[in-house]
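Here the structure is laid out as structure tokens; the discussion comes afterwards.
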Ligand SMILES: Cc1cc2nc3c(=O)[nH]c(=O)nc-3n(C[C@H](O)[C@H](O)[C@H](O)COP(=O)(O)O)c2cc1C
């Protein structure tokens, strides 16, 4: 098995999968300023991948080999679709495959997928087995939460550790808690103890409320998890993985130029495939931490075309 997980530095960083955010364009922008040790794709439906609606799913699985190691994250509830998907993922050249067992979205949960699998260990076992068979040597991991209604670390994480996975990413909240309470990092020592007892080879990746590289080191030292996954922290500070640049030292011009780079890449990769208005929401990422940022964002949210957005940015740059 070509297992990239065991070659990573410890502690290692992972950019969290974020649907509608961490597509190939955003990941390329991140990579151009400082990359995490591991990238994940947005979560992608197994049923979509193997059905007629392939296009959207394939968009989500679009990646550049220079992004490696990159893991394809997939979701579903049908083991045979997972098996087929894992075969595709291996064929496409991904570094690994990850099963989403944490998504709280009502439609996903209703279909018996995502977080619903926390309440269905026997189906989860079947799915992991199917993915391993389809992945044929590609490392298999799971991203999950600490429980559904309440904390179930012992039974649920204990169960996953018995499935012999290469890595488990744990968003340290229950499904019920969504993202409304602080992440329960205090549970990490219990998780590490369990891992040491049940399956010392499985890497543990903690996730929730981490916003800097110094916090990554701190979490590793305090709790012993090998990796830390960062999501929204990067959405508001794309320079987060850079070891030398401090957020406060980045000029307005650099921020706006990075936004322009995102827009250029979006045009090049997606063209007409994705709606241009999806670009507007990224103004929160690039247009912040300078005086006048909020007023500029407001104007950006009113633009309808890419051309209008670009000329707004260029005009602003000229007056800096
Ligand atoms: C906009 C958005 C989209 C997300 N999409 C996914 C996804 O596709 N797959 C997944 O496992 N988690 C997804 N998540 C959850 C994140 O991966 C992560 O677990 C969560 O944001 C907590 O980490 P953070 O505190 O570092 O943001 C998403 C979160 C956000 C905010």
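Quick note: the coordinates plus some simple rules give every number you see, no bench work behind them. Here the structure is a predicted model, which is why all the values come from computation and not from measurement. Neighbour counts are summed over all protein chains in view; Cβ atoms, including those assigned to glycine, are modelled from backbone coordinates with ideal geometry.
Each part reduced to its alpha carbon centroid, the stretch 282-317 and the stretch 165-242 end up 33 Å apart.
So if R0 is 45 Å, what FRET efficiency would residue 149 and residue 248 give, r being the distance between their Cβ atoms, rounded to the nearest 0.05?
Values: r = 41 Å, r/R0 = 0.92.
Efficiency for this residue pair is about 0.65.
Listing 92, 82 from fewest to most neighbouring C-beta atoms within 10 Å gives 92, 82.
Using the Kirkwood radius built from alpha carbon pairs, what does the Stokes-Einstein equation give as D for the chain at 4 °C and 1.567 mPa s, in µm² per second? All intermediate terms of the calculation are to be shown ahead of the outcome.
Details: Rh = 20.3 Å.
Translational diffusion coefficient: 64 µm²/s.
Once the C-beta distance of residue 32 and residue 58 is scaled by a Förster radius of 22 Å, the resulting FRET efficiency is 0.40 to the nearest 0.05. Spin-label model, residue 215/residue 198: points 7 Å from Cα along the beta carbon direction are separated by 2.7 nm. For the stretch 30-94, the Stokes-Einstein estimate of translational diffusion at 25 °C and a viscosity of 0.890 mPa s comes to 199 µm²/s, using the Kirkwood hydrodynamic radius over alpha-carbon pairs. Between residue 315 and residue 19, the FRET efficiency from the beta-carbon distance, with R0 = 56 Å, is close to 0.95.
Residues 209, 64, ranked from the fewest to the most other C-beta atoms within 10 Å, line up as 64, 209.
Please give the calculated 222 nm ellipticity per residue for the chain, where each DSSP H segment of at least 4 residues contributes -39500 (n - 2.57) and the sum is spread over every residue; nearest 500 deg cm²/dmol? Don't jump to the answer; show the numbers that get you there.
Numbers: 14 runs with 131 residues, N = 320.
The helix contribution divided over the chain gives -11500 deg cm²/dmol.
By the count of neighbouring beta-carbon atoms within 10 Å, fewest first, 5, 239, 75, 156 end up ordered 239, 156, 5, 75. Compared with the direct C-alpha span, the chain from residue 120 to residue 297 gains 59.3 nm at full extension, assuming 0.36 nm per residue.
Using only alpha carbons, the stretch 190-308 has a radius of gyration to Kirkwood radius ratio (Rg to Rh) of 1.11. For the stretch 251-318, the equivalent ellipsoid built from the Cα gyration tensor has semi-axes of 19, 12, 10 Å, listed from largest to smallest.
Label sites at residue 288 and residue 261, each approximated as a point 7 angstrom past Cα along Cα to Cβ, lie 1.8 nm apart. Estimated at 0.36 nm per residue, the fully extended path between residue 91 and residue 180 surpasses their Cα-Cα distance by 28.2 nm.
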